[in-house]
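Structure, as structure tokens:
The values are calculated or read from the model by the stated rules, or taken from the named source; none is laboratory data. All values reported here derive from a predicted model rather than from experimental measurement. FYI the Cβ positions are ideal-geometry reconstructions off the backbone, even for glycines, and counts take in every protein chain you see.
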Amino acid sequence: MSNKKKYLVFVESPSKCATINKYLGEEYFVMPTIGHVRGLSSKSGSVKIENNEVLFTWEDKKDSLDRIKKQVLENTYNTIYIATDPDREGEGMGWHVNNILKEIDFKGKISRLKFHEITKNAIKNAINNPQEINMCLVEAYLTRSALDYLIGYTITPIFWQIFRIFKNQSAGRVQSPTLKILVERELEIFEFVKTNYYSITGVFKEFQLNCDLLEYKKEKVKKILQKEKAFLIKSHLEENSIYKVISLEEKERHSNPSAPYITSTLQQEATSKLGWSVSITMMVAQKLYESGKITYMRTDSTNLSEEITTKIREYIKKNYGDNYLSNGINIYKSNVKNAQEAHEAIRPTNIEDTSDKIEDPQQKELYELIWTKTVTCQMAASIYKKKEIHISNEIGVFTIQGSILLFPGYLKLQNKYKEEEKDFLLPDLQLNNILTIKEIFINTHETQAPSRYTEGSLVKEMHNKGIGRPSTYPSIIETIKKRQYAHLASKSLVPAMKGKITIIFLNYFFSKYVDYQFTSDMENYLDDISLGKLNWKNALKKFYNELQDNTNLCKNINIFQVIDEIKDNLLKWMREKICPKCNNKWQFRVKTNIFCICSNKECGNMLPLKDEEVANKTYKYSKNIYTKKSKSKSNSNNKKTKKNK
């Protein structure tokens, strides 16, 4: 290697490496670590808490480690820069690299570089202002790693002891509460009973538009729950067909642009507008960031720098005119519970660069979404003229509303993604005009069950509950799908029976660890640790002691106690609460599969409860399966008793 190379810069990926290389001189060599160079060992006991010490067992990623050692030992560098991502995980990754450099006795200077966009100015500024490894962020990283390990490796083996069906499955600090969100919504849908309700509309001879009944006998009419009452009201209204215009109201309505993207809102809107999974969104965003097109894509902040805000406003003025510019600078407040660092919102690094310059189709689509959101956040509001007419007699009051778009404002750019609101023109009526009703209709409606979560709406719910971090949402959702706790159906996440039983078990035996507030509090503790407000070892020790107490109680769980609890809860998911053939009670078998068997052996009715689709079908009873299940259960209990001894 040339002697000109005085500085070594570590980054995570080759693509990030290639972009940074463009902005640095010949004295710099930029090298990718290819992700984490060390991780927690998957073996039992990799996290131990003894007295006031927390002990970790790490496993090296050998290929990456060998390349780093070779590069450093075979060359002479004055300074090594660690330029991993500017967040908790990035700091943890940088800390591992820093430790490796110390282990091989590197004598030069080690500095941390932080930047939130990969541009020439950002890179130069970071090099001119090097930092130390932020140990508060590292401690938060270590605490997060320990929490995930302790919950996963403590609770998961208990699944395996009790249910063979859960072999190779897992519980998780964020994964399990997220699954609980899906299961609770599915139960709401399952238990939902549709009901009819009614509304009344009228059509007047003077104009052929539907008017809604607003009042009946001076009382507001919202939903009419009884059909008979709807017909009674209709007959009363038909007694007098003469009505008078009693109110004409016109007012302007302003619709303001929304904030620039944070990670969770980008994930949500890419799902709803582009039809992407959360994982694809983050993969494409990562490529845009690493190629220098957008700022760092893991952020909780809606802030924009003063410099970029000025450039956005200049761009709007130049390309659309002063009237499309908001009167003052639009400032947006983040409502995120767990904002980690004061990053900027996700935005283009250069507002003058439109998506036309991007060739990759996916990157082009996502960039256009980000660019549009960034520009519109400083544009003027759209303005509508809204008109409302009330038409009345002594029995009832009908109303009709309409609106006209007076000025598009930010919609000039955003109409591609926003369903266009069509103008609804009302008749030119005057106050006290006399109208004659032509016909009155009764409209039948059905109440609607709650909707299943899409990946985007699940992210929104996780965000609202403070569960996890936007950077972890994709991996959490992918794990739930990979473990077959839920599957996608028409872009909605549907929990499987395996997922339902998991939540039944956790709610009963480890309820604290699927509690939304507890999970949110854990994230808050991690944030406090990252800010130096909380001692990480004390927090971890407290958590560990509570988990151990809970686990010790569960070690002596009787398998029949578990089955009884699951049986009681599984009945919630049964359309038929008793055997439809003989009216006897169901018995449940949960081992390598999940079965519901009639308690009357002579009946022979059986349901394999794999999913909702088969839960209502009747299957022929199989004595072989029944005997096998009974034997398996007995053997399992014997093994369990022996193990506990």
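Side notes on the structure shown:
- Of everything in segment 73-90 that is in contact with a helix residue (DSSP H, G or I) (Cβ under 8 Å, 6 or more places away or on another chain) and part of a helix (DSSP H, G or I), the residue that is surrounded by the fewest Cβ atoms within 10 Å (Cβ to Cβ) is E89.
Yes/no matrix, rows are residues, columns are (1) of a type outside the set (K, R); (2) in contact with a strand residue (DSSP E or B) (Cβ under 9 Å, 6 or more places away or on another chain); (3) assigned to a strand (DSSP E or B):
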residue: I233; (1), (2), (3): yes, yes, no
residue: H236; (1), (2), (3): yes, yes, no
residue: V245; (1), (2), (3): yes, yes, yes
residue: L248; (1), (2), (3): yes, yes, yes
residue: P257; (1), (2), (3): yes, yes, no
residue: S264; (1), (2), (3): yes, no, no
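- Residue check for D356: among the acidic types (D, E) and in contact (Cβ under 8 Å) with a residue 12 or more places away in the chain: no
- Filtered residue count, segment 15-43, keeping only those that are hydroxyl-bearing (S, T, Y), modelled with pLDDT of 90 or more and either crowded, with 17+ Cβ neighbours inside 10 Å or outside any loop (DSSP other than H, G, I, E, B) (or both): 4
- Count of segment 297-332 residues which are within 24 Å of the chain's Cα centre (by Cα) and either surrounded by 22 or more Cβ atoms within 10 Å (Cβ to Cβ) or of a type in the set (D, E, K, R) (or both): 6
- Test set (1) surrounded by 14 or more Cβ atoms within 10 Å (Cβ to Cβ); (2) over 36 Å from the mean Cα position of the chain (by Cα); (3) assigned to a loop (DSSP other than H, G, I, E, B) - N432 fails condition number: (1)
- Condition check for K512: under 20 Å from I476 (Cα atoms), of a type in the set (D, E, K, R) and without any contact (Cβ under 8 Å) to a residue 40 or more places away in the chain: yes
- When E419, E344, E388, E394 are checked against the criterion of being farther than 30 Å from L248 by Cβ and either at pLDDT below 95 or not in a helix (DSSP H, G or I) (or both), E344 stands alone in meeting it.
- From the list K62, K70, K48, the one residue that fits, being surrounded by fewer than 12 Cβ atoms within 10 Å (Cβ to Cβ), under 38 Å from the mean Cα position of the chain (by Cα) and free of Cβ contacts under 8 Å to residues at least 40 places away in the same chain, is K62.
- Looking across S291, S241, one residue alone is surrounded by fewer than 21 Cβ atoms within 10 Å (Cβ to Cβ), within 30 Å of I391 (Cα to Cα) and not charged (D, E, K, R). It is S241.
- Test: residue in segment 266-287 that is among the aliphatic types (A, V, I, L, M), out of contact with any Leu (no Cβ under 9 Å at 6 or more places or on another chain) and under 27 Å from S382 (Cβ atoms): no
- Residues being under 15 Å from K273 (Cβ atoms), of a type in the set (S, T, Y) and either modelled with pLDDT under 95 or surrounded by 22 or more Cβ atoms within 10 Å (Cβ to Cβ) (or both) - total across segment 358-385: 2
- So K102, is it in contact with a Phe, Trp or Tyr (Cβ under 9 Å, 6 or more places away or on another chain), of a type in the set (K, R) and either on the phi < 0 side of the Ramachandran plot or free of Cβ contacts under 8 Å to residues at least 24 places away in the same chain (or both): no
- Number of the exception - N350 against (1) in a helix (DSSP H, G or I); (2) over 30 Å from L406 (Cβ atoms); (3) of a type in the set (S, T, N, Q): (1)
- Only residues that are closer than 30 Å to I80 by Cα and assigned to a strand (DSSP E or B) were counted in segment 48-62, giving 6.
- Within segment 431-462, tally of residues that are acidic (D, E), within 15 Å of L182 (Cβ to Cβ) and in contact with a Lys or Arg (Cβ under 7 Å, 6 or more places away or on another chain): 0
- Applying the criterion of being basic (K, R) and part of a loop (DSSP other than H, G, I, E, B) to the residues of segment 172-223, the residue that is nearest to K481 (Cα to Cα) is R173.
- There is no residue in segment 56-72 that is within 20 Å of Q131 (Cα to Cα) and in contact with a strand residue (DSSP E or B) (Cβ under 6 Å, 6 or more places away or on another chain).
- Condition met for N584 (of a type outside the set (S, T, Y), in a helix (DSSP H, G or I), out of contact with any Lys or Arg (no Cβ under 8 Å at 6 or more places or on another chain) and modelled with pLDDT of 75 or more): no
- Scanning segment 568-580 for residues that are assigned to a helix (DSSP H, G or I) and either buried (at least 18 other Cβ atoms within 10 Å of the Cβ) or out of contact with any strand residue (DSSP E or B) (no Cβ under 9 Å at 6 or more places or on another chain) (or both) gives D568, N569, L570, K572, W573.
A quick yes/no check of all residues on (1) assigned by the TED database to the domain that holds T19; (2) closer than 18 Å to I118 by Cα; (3) in contact with a Cys (Cβ under 7 Å, 6 or more places away or on another chain); (4) part of a helix (DSSP H, G or I):
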| position | (1), (2), (3), (4) |
| --- | --- |
| S272 | no, no, no, yes |
| W276 | no, no, no, no |
| M282 | no, yes, no, yes |
| Y289 | no, yes, no, yes |
| M297 | no, yes, no, no |
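- Only one entry in L609, L531, L540, L553 is at pLDDT 70 or above and either β-branched (V, I, T) or crowded, with 16+ Cβ neighbours inside 10 Å (or both), namely L540.
- Applying the criterion of being under 21 Å from L225 (Cβ atoms), in contact (Cβ under 8 Å) with a residue 24 or more places away in the chain and among the hydrophobic types (A, V, I, L, M, F, W, C) to the residues of segment 185-205, the residue that is surrounded by the fewest Cβ atoms within 10 Å (Cβ to Cβ) is F192.
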